[in-house]
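The values are calculated or read from the model by the stated rules, or taken from the named source; none is laboratory data. All values derive from a computational prediction rather than experimental measurement. Cβ atoms come from the backbone with ideal geometry, glycine included; neighbour counts cover every protein chain shown. Just so you know, the surface numbers come from the protein's heavy atoms only, side chains and all, with ligands and any DNA or RNA stripped out. Shrake-Rupley method; radii C 1.70, N 1.55, O 1.52, S 1.80 Å.
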Amino acid sequence: MRTTTRLRQLVTRPEIAFMMEAHDGLSARIAEEAGFEGIWASGLTLSASFGVRDNNELSWTQVVEHVAFMAEAASVPVLLDGDTGYGNFNNMRRLVRKLEQVGVGGVVIEDKLFPKTNSFLRSELQPLADIAEFSGKIKAGKDSQQDADFVLIARVEALIAGWGLSEALKRAEAYHAAGADAILIHSKQSSPAEIFAFLAEWSNRLPVVLVPTTYWRTSTEDFRSRQVSMVIWANHLLRASISAMQETARRLRADDSLLAVEPQVAALHEVFRLQGDAELAEAERRYLPARESLSAVILAAGEGADFGGLTARVPKAMLRVQGRPILARLLDDFAAFGGRNAVVVRGHRAEAIDVPGARFVDNPDFASTSEAYSLSLAEGDLGPSTLVAFGDIVLKRHLIQALLEEAGDGITLAVDSALAGTADTDRIMADHADTGRFSFEPVQLRVIGETVAPAEAHGVWIGLMHLGREGARWLAEAIGEARADGSLRTARLRDLLVGVLAAGHPVRVVYGRGGWVNVNDVAGLVDASGL
Ligand code: SPV
Ligand code: MG
């Protein structure tokens with residue numbers, strides 16, 4: 001059912017309806033969750049939530065823009081406090097059209113002059129609108145609504161301005177005749193007497209809406225028995241939030257600590273829930289490619305021997321290439337492919353490795369251990385989609401892209417085929433050499449390491465691999481084997497890969513040509529700067 005229709009029903013049905021004030025999308029949602037059938041978008045609290053006065057200091061377009069968020073956040077109808085309609089009959093026509101466009105169910109306009117003042121401030125001085133002029137504004141509003149059920153309520157301010165009951169009745173009758181759907185009769189008294197006198201005389205010629213802010217002691221039964229159509233709790237969510245915010249701010253200022261405050265405030269997950277994050281999470285499952293979130297383990301424990309003193313105080317991974325530490329560049333590269341949760345294994349000069357965006361695991365035995373041992377310290381971080389890399393490589397991003405595009409559930413290595421026939425110790429032999437042409441057939445690793453005759457090497461592993469779900473498991477098994485046979489402390493990563501092959505698991509190769517440097521010495525550092 002349309003919100004206009006629902007609001008019309010709330011106004012016209014015999015049973016009383018209660019409207020809860022809200023001043024933004026969040027409070028609108030809170031009001032709806034509490035069970036309210038409709039929302040009062042209060043001019044007072046909307047302005048106050050922006051820190052401005054209830055004197056039309058917000059422009060009408062700001063109000064419309066803001067109330068649109070409320071209408072979007074709530075599925076129950078929103079009734080806007082439209083003040084005086086923000087101008088004459090013509091402004092009223094535009095207001096009604098805009099409110100319909102943003103899904104607001106109806107509007108209340110009051111018979112004062114623009115710019116208005118809140119009814120509880122200097123009320124005796126408030127000028128009232130000319131009855132005929134205000135009646136024309138009502139008629140203009142009704143004539144411009146496209147949706148027959150849009151609700152226009154006329155608010156009579158005669159009692160507020162001290163003009164008395166007969167003036168109030170005269171105005172209510174005129175606004176009825178002009179086509180208003182209901183009358184809101186407002187009072188600033190703490191007793192409901194003048195409101196009840198009005199109700200007795202009015203005898204429900206049109207439905208009546210009340211705002212019992214000042215006569216708050218009046219029982220709801222008294223409203224029901226007088227066939228009041230709608231009661232508005234006009235400002236209580238804002239006032240509740242003011243008290244809570246003041247208390248929290250004072251407490252934090254006094255304590256300089258969150259200890260007392262944290263248990264008192266809504267949990268963060270409650271904020272996310274109210275924002276509707278569950279719906280987004282569901283949509284992400286439906287619309288985003290189903291990819292495991294990418295994580296990374298970077299091995300940066302080793303000292304690096306050939307730097308002529310350069311790494312005495314700074315670990316290799318923190319040497320700068322084009323002004324950025326090698327490690328920071330790698331983390332940026334991974335992040336560019338959605339890589340989160342990077343874990344860096346530190347050793348030599350661990351304290352000097354402090355790049356943002358990574359978690360650290362320390363290998364205190366770095367001097368007497370090697371890569372496989374460092375990796376084993378981060379074994380728990382080998383997730384279902386993990387990049388494992390040496391912390392001293394500088395590479396072009398297309399190498400990571402190619403690896404991720406080919407990566408499957410197992411283990412995939414990035415191999416530089418331009419270094420075929422090399423003596424590099426991470427040389428590999430695959431089931432076929434790089435032809436430079438596209439192939440549907442995945443390339444499978446046959447042998448890795450020094451057992452490959454240099455002349456037969458198809459390329460060099462660049463120190464970057466991807467583990468899928470199975471691959472992570474296989475590598476963890478290889479770590480377990482090495483631990484069991486006592487080789488873990490001194491094993492290189494390639495030795496673990498030898499173990500994976502020996503266990504009968506396939507390892508895939510993705511060929512690339514150049515575009516990376518393993519910074520092993522000063523010459524490497526110079527080369528990397530040219531990438
Ligand atoms: C509002 O909530 O902004 C109202 C009601 O108009 S009152 O503040 O009582 O005027
Ligand atoms: Mg108001």
>> Within the stretch 194-203, does at least one residue satisfy the condition of being over 22 Å from TRP60 (Cβ atoms), free of Cβ contacts under 8 Å to residues at least 40 places away in the same chain, open to solvent by 10 Å² or more (accessible area, probe 1.4 Å) and of a type in the set (S, T, N, Q)?
In response: yes
>> If I filter the stretch 393-408 down to residues being under 16 Å from PRO289 (Cα atoms) and among the charged types (D, E, K, R), which single residue comes out as least open to solvent (accessible area, probe 1.4 Å)?
In response: GLU406
> Within the stretch 104-133, how many residues turn out to be more than 16 Å from ligand 2 (Cβ to nearest atom) and more than 22 Å from GLN189 (Cα to Cα)?
Replying inline: 5
> In the stretch 91-132, how many are more than 11 Å from ligand 1 (Cβ to nearest atom), hydrophobic (A, V, I, L, M, F, W, C) and in contact (Cβ under 8 Å) with a residue 60 or more places away in the chain?
Replying inline: 1
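Out of all the residues in the stretch 71-103, which are of a type in the set (A, V, I, L, M, F, W, C) and either surrounded by fewer than 18 Cβ atoms within 10 Å (Cβ to Cβ) or more than 15 Å from ligand 2 (Cβ to nearest atom) (or both)? If you could, list the steps in order and put the result at the bottom.
Looking only at the stretch 71-103, we keep the residues that are of a type in the set (A, V, I, L, M, F, W, C), and these are 71, 73-74, 76, 78-80, 89, 92, 95-96, 99, 102.
Answer for the stretch 71-103, where residues must be of a type in the set (A, V, I, L, M, F, W, C) and either surrounded by fewer than 18 Cβ atoms within 10 Å (Cβ to Cβ) or more than 15 Å from ligand 2 (Cβ to nearest atom) (or both): ALA71, ALA73, ALA74, VAL76, PHE89, MET92, VAL96, LEU99, VAL102.
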> Assuming ASN88 fulfils every condition listed in (1) of a type in the set (S, T, N, Q); (2) at pLDDT 95 or above; (3) within 11 Å of ligand 1 (Cβ to nearest atom) apart from one, which condition is it?
Replying inline: (3)
>> Every residue in the stretch 363-392 that is charged (D, E, K, R) and surrounded by fewer than 24 Cβ atoms within 10 Å (Cβ to Cβ), please.
In response: ASP365, GLU371, GLU379, ASP381
> Which one is farthest from GLY471 (Cα to Cα) among residues in the stretch 427-450 that are free of Cβ contacts under 8 Å to residues at least 24 places away in the same chain and polar (S, T, N, Q)?
Replying inline: THR435
> What number of residues within the stretch 204-241 are within 40 Å of the chain's Cα centre (by Cα) and either in contact (Cβ under 8 Å) with a residue 24 or more places away in the chain or open to solvent by 70 Å² or more (accessible area, probe 1.4 Å) (or both)?
Replying inline: 18
> When you scan the stretch 41-61, how many residues do you find that are within 11 Å of ligand 2 (Cβ to nearest atom), touching a His at 6+ places or on another chain (Cβ under 9 Å) and part of a loop (DSSP other than H, G, I, E, B)?
Replying inline: 1
>> If I filter the stretch 18-40 for residues that are under 28 Å from ASP277 (Cα atoms), of a type in the set (A, V, I, L, M, F, W, C), part of a helix (DSSP H, G or I) and within 13 Å of ligand 1 (Cβ to nearest atom), do I get at least one hit?
In response: no
>> I'm trying to understand the selection: among the residues of the stretch 114-140, which are loosely packed, with under 15 Cβ neighbours inside 10 Å and on the phi < 0 side of the Ramachandran plot?
In response: PRO115, PHE120, LEU121, GLU124, LEU125, PRO127, ASP130, ALA132, GLU133
